1. Compute the FRET efficiency between residue 104 and residue 52 as 1/(1 + (r/R0)^6), taking r as their Cβ-Cβ distance and R0 = 35 Å, and round to the nearest 0.05.
2. Stokes-Einstein D for region 72-167 at 25 °C, 0.890 mPa s, Kirkwood Rh over Cα pairs, in µm²/s?
3. Whole-Hz ³J(HN,Hα) for each residue in region 43-57, computed from phi via Karplus 6.51 cos²θ - 1.76 cosθ + 1.60 with θ = phi - 60°, x for glycine and proline: what do you get?
4. Report Rg (one decimal) and Dmax (nearest whole number) for region 167-222, counting Cα atoms only, units Å.
5. With every protein chain left in place, what is the accessible area of residue 70 in Å² (1.4 Å probe, nearest 10)?
6. Using mean Cβ contacts within 10 Å as the protection proxy, how do 136-147, 5-16, 191-202, 103-114 order, highest first?
7. If you line up the long axis of helix 72-84 against the longest principal axis of the chain, both from Cα atoms, how many degrees apart are they, to the nearest 10?
8. Convert 4 °C to kelvin, take the viscosity as 1.567 mPa s, use the Kirkwood radius over C-alpha pairs of region 1-47 as Rh, and evaluate the Stokes-Einstein diffusion coefficient in µm²/s, rounded to a whole number.
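The values are calculated or read from the model by the stated rules, or taken from the named source; none is laboratory data. Values in this document were obtained by computation on a predicted structure and should not be read as measured data. Cβ coordinates were reconstructed from backbone atoms using ideal geometry, including for glycine residues, and neighbour counts include every protein chain displayed. Heads up: the accessible areas ignore ligands, DNA and RNA and are worked out on the full protein's heavy atoms, side chains in. Shrake-Rupley method; radii C 1.70, N 1.55, O 1.52, S 1.80 Å.
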Amino acid sequence: GRYERAQERLGNTPSNDPFALRLLLELAQRQGRVDEANSFARRLMDLYHSGQLTGSEEIAQAAYGSWQLDQFQDANQVFISAGKTKPATVSMFVDWGHLYLTKYNAAEAESIFKDGIAVGQPPSGYYRWGVDAAYVGLAQALDSQFKPGVDEALEKALELNPDNLDVRVYKAFLALKQSRWQEAEDWLGEGLDINPLYLPLLDMSCASHFLQERVSAFAKIR
């Protein structure tokens with residue numbers, strides 16, 4: 001949640017670095033700067049169309065940019081291009097799987113997340129996501145299809161990365177669906193201790209207060 005510090009560090013990176021642009025895009029999104037986020041997304045697409053992105057992970061950043069501009073079919077085509085560029089990375093599969101989840105195609109998302117898990121953790125280099133994130137995506141895809149294995153996938157993600165925030169978001173979501181209020185609060189509290197500014201955690205905390213008719217707490221988090 002130290003976003004200003006992250007912004008300062010990214011300010012010293014080359015303007016054509018796809019990984020820096022991706023992180024700058026996410027920082028803008030997390031802070032509600034929509035126009036700025038779209039600008040970074042368009043720059044990623046420009047790099048792709050000009051042939052400056054070569055590796056699978058680089059191309060995947062452009063696919064993410066296209067997705068954020070609501071160009072879903074174009075994003076999928078760029079992900080396909082990234083998948084054909086070897087070696088494909090777990091990080092690429094994580095982003096691609098979440099694209100399918102947003103388009104309510106959980107079955108295809110499940111297959112993509114499993115492909116990412118099979119690829120495994122890269123031996124070196126920078127990657128946006130690790131195998132733990134693929135397990136979180138798998139849990140979401142399974143849950144959307146009412147399939148078993150959701151809790152096991154989340155526990156595996158937590159085993160691989162004890163600080164994974166999205167595990168805590170989804171654990172809280174599952175608890176809220178069954179009115180297990182305290183369990184949801186515990187997961188949210190753990191996550192907010194790690195990053196008190198993480199929007200998905202704040203979203204879920206807002207939902208928790210709303211469902212329990214805590215009017216003032218709901219208004220504060222909102």
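1. After rounding, the FRET efficiency stands at 0.60.
2. 185
3. Karplus-based 3J(HN,Hα) across region 43-57 equals 5, 5, 5, 4, 4, 5, 5, 8, x, 8, 9, 10, x, 4, 5 Hz.
4. Over region 167-222's Cα set, Rg and Dmax evaluate to 10.0, 27 Å.
5. Residue 70 exposes around 110 Å² with every protein chain in place.
6. 136-147, 103-114, 191-202, 5-16
7. Helix 72-84 and the main axis of the chain meet at about 70 degrees.
8. 122
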